[in-house]
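The values are calculated or read from the model by the stated rules, or taken from the named source; none is laboratory data. A quick note: this is a predicted structure, and the numbers were derived from the prediction, not measured. Glycine gets a Cβ as well: all are built from the backbone with ideal geometry, and neighbour counts include every protein chain shown. Just so you know, the surface numbers come from the protein's heavy atoms only, side chains and all, with ligands and any DNA or RNA stripped out. Shrake-Rupley method; radii C 1.70, N 1.55, O 1.52, S 1.80 Å.
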Amino acid sequence: MDNNNIDFKDLWKKQAVSQPNMEDLMLRLKKFKRTNLRSLWITNILLFATSAFILFVWYYFQPQFISSKIGIVLAIVAMAMYVLVYNRSLKDFKNSDATHTNHDYLQQLIVIKKKQQFIQSTILTCYFVLLFVGICLYMYEYASRMTVFYAVVTYGVTLLWIGFNWFYIRPKQIKKQEDKINSLIEKFEEIDKQLL
């Protein structure tokens, strides 16, 4: 009967603590960098193509209202500002090599995390505000030619799309990015503590 009594606390204490596999961690770090660099390039291409399309629309349709022209400029400024700040993070991903210590990788990830938080909060907010104002100003010329119903529907759909991006897609993307970098930081912190 005594043989059936198992001391789970004792078993828990005796189990081997799994040490983070350094090779696996370096592969995860490499994948994280590769994913972020690919995202950076895709963002550059998409925003450049969008800016080129907006300039084509300006040239081809020749808007008459000054509000339309200001709207186009604001939209392009929003995209240019976002791309310039986002591209600065490229050097953080390129400045690492195999000779860095665990502590160096940890510090680099913390710097990247702080820059990501700045981009996700301040820069993305400025981007959305400028883009929102730019789109609303641009649409005014064409909405003024519509009936009130169609103008309200047009603005309503546009605002719903911007709201959906701001309140649903943006937080999901931010959470996904934070989870990835936090996971890496935790692993490097574990290794860093073990080496002290």
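Would you work out what percent of the accessible area of segment 50-163, with all protein chains in place, is carbon or sulfur (probe 1.4 Å)? The partial results should precede the final answer.
Working: 5030 of 6880 Å².
It is 73 percent, rounded to a whole number.
May I ask you to compute the full-extension gain from LEU46 to LEU159, defined as 0.36 nm times their residue separation minus their alpha-carbon distance, rounded to one decimal in nm?
Gain on stretching LEU46 to LEU159: 38.6 nm.
For segment 109-196, just say rounded, prolate or oblate: build the C-alpha gyration tensor, square-root its eigenvalues into a ≥ b ≥ c, call rounded for a/c under 1.5, and beyond that prolate if a/b exceeds b/c, oblate if not.
prolate
Efficiency by 1/(1 + (r/R0)^6): what FRET value for GLN120 and ARG34, r their Cβ-Cβ distance, R0 = 22 Å, to the nearest 0.05?
Working: r = 20 Å, r/R0 = 0.92.
The computed FRET efficiency comes out at 0.65.
Based on Cβ point charges of +1 for Lys and Arg and -1 for Asp and Glu, what charge dipole magnitude is obtained for segment 88-196 about its Cα centre, in debye rounded to the nearest 20?
Result for segment 88-196 is approximately 260 debye, rounded to the nearest 20.
For segment 34-80, compute Rh as the Kirkwood radius over C-alpha pairs and then the Stokes-Einstein diffusion coefficient at 37 °C and 0.692 mPa s; write the answer in µm²/s, rounded to an integer.
281 µm²/s
Can you find, among PHE132, GLN64, GLN116, the residue sitting farthest towards the positive end of the charge dipole of segment 34-162, where Lys and Arg contribute +1 and Asp and Glu -1 at Cβ?
Of the options given, the answer is GLN116.
From the Cα gyration tensor of segment 120-160, with a ≥ b ≥ c the square roots of its eigenvalues, which class applies: rounded if a/c is under 1.5, or else prolate if a/b is larger than b/c, or else oblate?
It comes out oblate by the Cα gyration axes.
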